[in-house]
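Q: Pasting in a structure now, in structure tokens, and then I'll have a few things to ask.
The values are calculated or read from the model by the stated rules, or taken from the named source; none is laboratory data. Here the structure is a predicted model, which means the values were calculated and not measured. Here Cβ is always computed from backbone atoms with ideal geometry, including for glycine, and neighbour counts include all displayed protein chains.
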Amino acid sequence: MTNPTTYSNPPVELPLRLEGDPHPVPGCDVCEALSAERSDARTTGNMSKVSDVNVELRNHPHRKRRRA
């Protein structure tokens, strides 16, 4: 017989972040292409691709970065 695994603390629950889609920077060809790609992915129901494109838009160099 084996001993069941027990934990001293309950599991950590992380909040679900619903920030919405990032907006493309007007006049940026890369942002506009990513936005079109996201629209196509949403139209076909590929929400994984929508999420991936949102990450790309958020990390695109237009946003201000914190200094370390």
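Q: Restricting to the stretch 32-50, count the residues that are within 12 Å of ASP21 (Cβ to Cβ) and of a type in the set (S, T, N, Q).
A: Residues in the stretch 32-50 being within 12 Å of ASP21 (Cβ to Cβ) and of a type in the set (S, T, N, Q): 2 in total.
Q: Does the stretch 53-67 contain at least one residue that is within 12 Å of the chain's Cα centre (by Cα), among the polar types (S, T, N, Q) and modelled with pLDDT of 90 or more? Walk me through how you get there before you give the answer.
A: Pass one, the stretch 53-67, residues within 12 Å of the chain's Cα centre (by Cα): 53-59.
Now restrict to residues that are among the polar types (S, T, N, Q): 54, 59.
After this cut, where a residue has to be modelled with pLDDT of 90 or more as well, the list is 54.
Looking for residues that are within 12 Å of the chain's Cα centre (by Cα), among the polar types (S, T, N, Q) and modelled with pLDDT of 90 or more, one finds at least one in the stretch 53-67, hence yes.
Q: Another question about this same structure. Can you tell me which residue in the stretch 4-25 is modelled with the lowest pLDDT, limited to those that are at negative phi and under 10 Å from the mean Cα position of the chain (by Cα)? Steps first, please.
A: Kept after step one, since they are at negative phi, are these residues of the stretch 4-25: 4-19, 21-25.
Applying the additional criterion that residues be under 10 Å from the mean Cα position of the chain (by Cα) yields 17-19, 21-22.
Values: ARG17: 73, LEU18: 65, GLU19: 74, ASP21: 90, PRO22: 91.
Among those residues, the one meeting the criterion is LEU18.
Q: Would you mention how many residues in the stretch 1-60 are small (Gly, Ala, Ser) and loosely packed, with under 10 Cβ neighbours inside 10 Å? Before the answer, list the steps.
A: Going through the stretch 1-60, the residues small (Gly, Ala, Ser) turn out to be 8, 20, 27, 33, 35-36, 39, 41, 45, 48, 51.
Okay, now just the ones that are also loosely packed, with under 10 Cβ neighbours inside 10 Å, so 8, 20, 27, 45, 48.
Total satisfying the criteria: 5.
Q: Inside the stretch 1-46, can you point out the residues that are part of a loop (DSSP other than H, G, I, E, B) and under 21 Å from HIS62 (Cβ atoms)? Break it down stepwise before answering.
A: Going residue by residue through the stretch 1-46, those that are part of a loop (DSSP other than H, G, I, E, B) are 1-28, 44-46.
ARG17, GLU19, GLY20, ASP21, PRO22, HIS23, PRO24, VAL25, PRO26, GLY27, CYS28, listed by residue number.
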